1. In the stretch 36-75, what count of residues is obtained for those that are among the hydroxyl-bearing types (Ser, Thr, Tyr), surrounded by 13 or more Cβ atoms within 10 Å (Cβ to Cβ) and more than 20 Å from the chain's Cα centre (by Cα)?
2. Just to confirm my filter: which helices (runs of 4 or more DSSP H) fall fully inside the stretch 125-216 and include at least 2 residues that are free of Cβ contacts under 8 Å to residues at least 12 places away in the same chain and closer than 19 Å to Lys3 by Cβ?
3. Looking only at the stretch 174-196, filter to residues that are over 15 Å from the mean Cα position of the chain (by Cα) and surrounded by 19 or more Cβ atoms within 10 Å (Cβ to Cβ); which one of those is farthest from Thr152 (Cα to Cα)?
4. List the pairs whose first member sits in the stretch 1-26 and is more than 14 Å from Gly102 (Cα to Cα), whose second member is more than 12 Å from the ligand (Cβ to nearest atom) and among the polar types (S, T, N, Q), and whose Cβ atoms are under 6 Å apart, counting only residues at least 6 apart or on separate chains?
5. Which of the residues that make up the stretch 95-111 are more than 30 Å from Ala49 (Cβ to Cβ) and not in a helix (DSSP H, G or I)?
6. Being surrounded by fewer than 19 Cβ atoms within 10 Å (Cβ to Cβ) and in contact with a Ser or Thr (Cβ under 6 Å, 6 or more places away or on another chain) is the filter here; which residues of the stretch 161-170 pass it?
7. Within the stretch 152-194, how many residues turn out to be more than 15 Å from the ligand (Cβ to nearest atom) and closer than 17 Å to Arg204 by Cβ?
Amino acid sequence: MEKPKLAIFDWNGTLLDDLPMVYQSVVAIFRHYNLPPPTLSEYREEIEADFMKFYRNHGMPEGITGKDLNAIRKRYFQEHWNDALLRPHAEELLLLCRNQLGIPTALVSAEMREILIERLRSFKLMPLFDEIRGNSWNKEEALIATLDIFGTKAEDAFYLDDTYDGLMAAKNVGIKTIGFSAGYHSEQRVLAAKPDFGPVTALREVMTLLRQMEEM
Ligand SMILES: [Mg+2]
């Protein structure tokens, strides 16, 4: 890939290291119902958008609904808000794009917009993004809209994401993908998406990749 013209980032599990907190909320849900919690690797191997499948496969009785689980999860997240950390070098990576390489930055996330903005404010990251898009449950649509805003062709943009689904959405749109395999999905699942670059396990590796593209 020649030097990219637009850098697009996923948030949860990618720039935000919230997997430990999310997994602990899963443990809390299983404990609430006196069920043995799945392991972290089982979670990373099996969790999908239809999350109830995962819970049913691990013994969650039919009478318990997604709403019940979400109530426990929501309470856990509120109590453990500060357990989610900004991933090391996130800020440097954004600065590298904008200041040294002259590439605009966009954030495309399925996270609820208010939560996303609150997080970005607390990490002082708001000024480091040219475009911030929350509520992006349909990643394909959100990525296309993001390309439109910057007037960038899909193949001139890259997208960094930690899940099979996120990477596939970008690939379907024609955006170059960098797989991140230290987040929600196991390395095997990230590899299954056949990302154009990576998988990488640290943001520092993304910085190295971008510097190499700059020299090409
Ligand atoms: Mg993610």
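1. Step one: list which residues in the stretch 36-75 are among the hydroxyl-bearing types (Ser, Thr, Tyr), which gives 39, 41, 43, 55, 65.
Filter once more, keeping what is surrounded by 13 or more Cβ atoms within 10 Å (Cβ to Cβ): 43, 55.
With the extra rule that they be more than 20 Å from the chain's Cα centre (by Cα), the set shrinks to 55.
Going through the stretch 36-75 one residue at a time, the tally reaches 1.
2. Values: elements: 139-150, 164-173, 187-192, 203-215.
Those helices (runs of 4 or more DSSP H) span 203-215.
3. Within the stretch 174-196, the subset over 15 Å from the mean Cα position of the chain (by Cα) is 174-176, 188, 191-192, 194, 196.
Narrowing further to those that are surrounded by 19 or more Cβ atoms within 10 Å (Cβ to Cβ): 175-176.
Values: Ile175: 10, Lys176: 12 Å.
Among those that are over 15 Å from the mean Cα position of the chain (by Cα) and surrounded by 19 or more Cβ atoms within 10 Å (Cβ to Cβ), it is Lys176.
4. Between residues of the stretch 1-26 that are more than 14 Å from Gly102 (Cα to Cα) and residues that are more than 12 Å from the ligand (Cβ to nearest atom) and among the polar types (S, T, N, Q), there is no close pair.
5. Just the residues of the stretch 95-111 that are more than 30 Å from Ala49 (Cβ to Cβ), to begin with: 95-96, 98-102.
Scanning the stretch 95-111 gives Leu101, Gly102.
6. Filtering the stretch 161-170 down to residues surrounded by fewer than 19 Cβ atoms within 10 Å (Cβ to Cβ) leaves 165, 168.
Answer for the stretch 161-170, where residues must be surrounded by fewer than 19 Cβ atoms within 10 Å (Cβ to Cβ) and in contact with a Ser or Thr (Cβ under 6 Å, 6 or more places away or on another chain): there is none.
7. Final tally of qualifying residues: 1.
Okay, residues lined up against (1) within 16 Å of the ligand (Cβ to nearest atom); (2) under 30 Å from Thr208 (Cβ atoms); (3) basic (Lys, Arg):
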| site | (1), (2), (3) |
| --- | --- |
| Glu2 | no, yes, no |
| Gly13 | yes, yes, no |
| Leu16 | yes, yes, no |
| Val26 | yes, no, no |
| Asn34 | no, no, no |
| Glu48 | yes, no, no |
| Met52 | no, no, no |
| Arg56 | no, no, yes |
| Gly59 | no, no, no |
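The values are calculated or read from the model by the stated rules, or taken from the named source; none is laboratory data. Please read these numbers as outputs of a predicted model, since none were measured by experiment. In this analysis, Cβ positions are derived from the backbone assuming ideal geometry, glycine residues included, and neighbour counts consider all displayed protein chains.
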